[in-house]
1. Against the definition (within 12 Å of the chain's Cα centre (by Cα) and not small (Gly, Ala, Ser)), how does residue 52 come out, yes or no?
2. So, residue 67, is that one out of contact with any Gly (no Cβ under 8 Å at 6 or more places or on another chain) and not in a strand (DSSP E or B) or not?
3. Look at residue 27 and say whether it is in a strand (DSSP E or B) and either at pLDDT 90 or above or crowded, with 16+ Cβ neighbours inside 10 Å (or both).
4. Can you confirm whether residue 85 is outside any strand (DSSP E or B), free of Cβ contacts under 8 Å to residues at least 60 places away in the same chain and surrounded by 12 or more Cβ atoms within 10 Å (Cβ to Cβ)?
5. When the residues of the range 31-63 are filtered to those that are in a strand (DSSP E or B) and open to solvent by 60 Å² or more (accessible area, probe 1.4 Å), which remaining residue is nearest to residue 9 (Cα to Cα)?
Amino acid sequence: MFGAAVDVMTHQPRVSASYAIARGGQVIKAGPPSAIEPTSDGHLLRLLGFGLAGFEPGDYTLVLRATDEVSGKSCETNEPFTIIPAEG
């Protein structure tokens with residue numbers, strides 16, 4: 001989250017984020033909101049990895065949500081992706 005507000009006590013941003021994988025409007029897998037710890041210079045970085053074992057081939061949406069806990073602002077983005085069956 002760019003431009004996150006800085007906490008007056010810690011002088012650091014406080015941001016939480018979650019994700020969901022959806023197909024046809026149904027959530028298949030989700031990660032609950034958790035804090036993104038700022039780096040020593042106050043930058044925010046989150047790497048996300050999840051397995052797709054057991055997912056059927058087809059179209060999905062990765063939903064990413066972030067909340068600035070200081071300002072109360074939040075944002076969401078939806079990233080479509082497709083799982084293609086392996087050729088075997």
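1. Working: within 12 Å of the chain's Cα centre (by Cα): no; not small (Gly, Ala, Ser): yes.
Against the criterion (within 12 Å of the chain's Cα centre (by Cα) and not small (Gly, Ala, Ser)), residue 52 does not qualify.
2. Details: out of contact with any Gly (no Cβ under 8 Å at 6 or more places or on another chain): yes; not in a strand (DSSP E or B): no.
No.
3. Details: in a strand (DSSP E or B): yes; either at pLDDT 90 or above or crowded, with 16+ Cβ neighbours inside 10 Å (or both): yes.
Criteria met by residue 27.
4. Values: outside any strand (DSSP E or B): yes; free of Cβ contacts under 8 Å to residues at least 60 places away in the same chain: yes; surrounded by 12 or more Cβ atoms within 10 Å (Cβ to Cβ): no.
The answer is no for residue 85.
5. So in the range 31-63, the residues in a strand (DSSP E or B) come out as 31-36, 58-63.
When the remaining residues are screened for being open to solvent by 60 Å² or more (accessible area, probe 1.4 Å), the result is 32-33, 35, 59.
Numbers: 32: 26, 33: 22, 35: 17, 59: 44 Å.
Filtering first and then ranking leaves 35.
The values are calculated or read from the model by the stated rules, or taken from the named source; none is laboratory data. These numbers were taken from a predicted model, which means no experiment stands behind them. As a convention, Cβ positions derive from the backbone with ideal geometry for all residues, glycine included, and neighbour counts pool all protein chains shown. Only protein heavy atoms, including side chains, enter the accessible area calculation; ligands, DNA and RNA are left aside. Shrake-Rupley method; radii C 1.70, N 1.55, O 1.52, S 1.80 Å.
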